[in-house]
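The values are calculated or read from the model by the stated rules, or taken from the named source; none is laboratory data. Worth saying up front: this structure is predicted, and the values here are computed from it rather than measured. Here Cβ is always computed from backbone atoms with ideal geometry, including for glycine, and neighbour counts include all displayed protein chains.
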Amino acid sequence: MNIPEGDTVEMDSVLFINDDGNVITGNPIIKGAKVRATSLGEFKGDKVTVFKYKSKVRYHRKRGHRQTYTTLLINKIIKPRGHKHGT
């Protein structure tokens, strides 16, 4: 996500909220709901090796990839105003 460590980010694409059994689902998102989170840094995932091979023509390609992931600490989930429980 390219967020420096320690920075706060606010996301407004919330799909689902569960508050002790009170479920709010979006269609596709919940309008007015937000999530505030703090970045704990980035790390690289496991290496994925892609190997292409065609027999009898001496064709082979080996390529690797490591995906970068961002760890987030959820600080607060803001529910939409005036939203009824269970819908």
Subject >> Top-ranked residue of the range 51-80 - restricted to ones that are charged (D, E, K, R) and farther than 26 Å from residue 40 by Cα, ranked as nearest to the chain's Cα centre (by Cα) >> reply: 63
Original post:
Has the range 32-49 got any residue that is exposed (fewer than 12 other Cβ atoms within 10 Å of the Cβ), without any contact (Cβ under 8 Å) to a residue 24 or more places away in the chain and part of a loop (DSSP other than H, G, I, E, B)?
Top reply: no
Original post:
Given the residues 55, 13, 39, which is the only one that is of a type in the set (S, T, N, Q), farther than 22 Å from residue 75 by Cβ and modelled with pLDDT of 90 or more?
Top reply: 55
Subject >> Conditions (1) of a type in the set (S, T, N, Q); (2) modelled with pLDDT of 95 or more; (3) under 14 Å from residue 80 (Cα atoms): number failed by residue 49 >> reply: (3)
Original post:
Somewhere in the range 52-62, is a residue touching a residue at least 12 places away in the same chain (Cβ under 8 Å), of a type in the set (Lys, Arg) and surrounded by 10 or more Cβ atoms within 10 Å (Cβ to Cβ)?
Top reply: no
